[in-house]
Amino acid sequence: MIFTLWHRILGMEKHTLAWHEADMADEMREYKTAVRFMERWSEVSDVVYSYTRAKWSGHSELSFPLPRRYLIWGALYMFPKYTLRWLFFVIVGKLAGSPQIIRAVRNPQKSEKLKNIAAAYHLDEERFFALCQNLLKYWILLK
């Protein structure tokens, strides 16, 4: 229930089953390469996000690829991590003059992902990147 409500608030795009399977496979690969505790916890949260987003998108046939207890463990990290990213892009979108809410939860530290978001929302790439860099100075929890 809480996952459904939360995903509804984020309002991310729903995709096909194949897209979600590929997304979960990517996240599992990253999880398997993580070594340190915080890296692993962050990667578990990414797997939980991908899984719960797929479920929210209507793909109930997917099964969680990690032990069930990891679902709660990952959710504890996932909710603040992805909510803060979402809020960050909502604010940057308003500052950039986007006529629509930017619905993104990508890592704002990665410039390639920022370019993709700017292109998807038809925003000036350089200005969007500069706004993100400036706002990141104050969003210490996203570092």
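Reported count of residues in segment 1-55, each being of a type in the set (D, E, K, R), without any contact (Cβ under 8 Å) to a residue 24 or more places away in the chain and outside any helix (DSSP H, G or I), is 1.
Consider residue 20 carefully, then state whether it is more than 14 Å from the chain's Cα centre (by Cα) and not basic (Lys, Arg).
no
Total residues in segment 96-112 satisfying the condition of being part of a helix (DSSP H, G or I) and either at pLDDT 95 or above or surrounded by 15 or more Cβ atoms within 10 Å (Cβ to Cβ) (or both): the figure is 1. Give just the number: which of (1) hydroxyl-bearing (Ser, Thr, Tyr); (2) surrounded by fewer than 13 Cβ atoms within 10 Å (Cβ to Cβ); (3) in contact (Cβ under 8 Å) with a residue 40 or more places away in the chain does residue 60 not satisfy? Failing condition for residue 60: (3).
The values are calculated or read from the model by the stated rules, or taken from the named source; none is laboratory data. All values reported here derive from a predicted model rather than from experimental measurement. Glycine also receives a Cβ, built like all others from the backbone with ideal geometry; neighbour counts cover every protein chain displayed.
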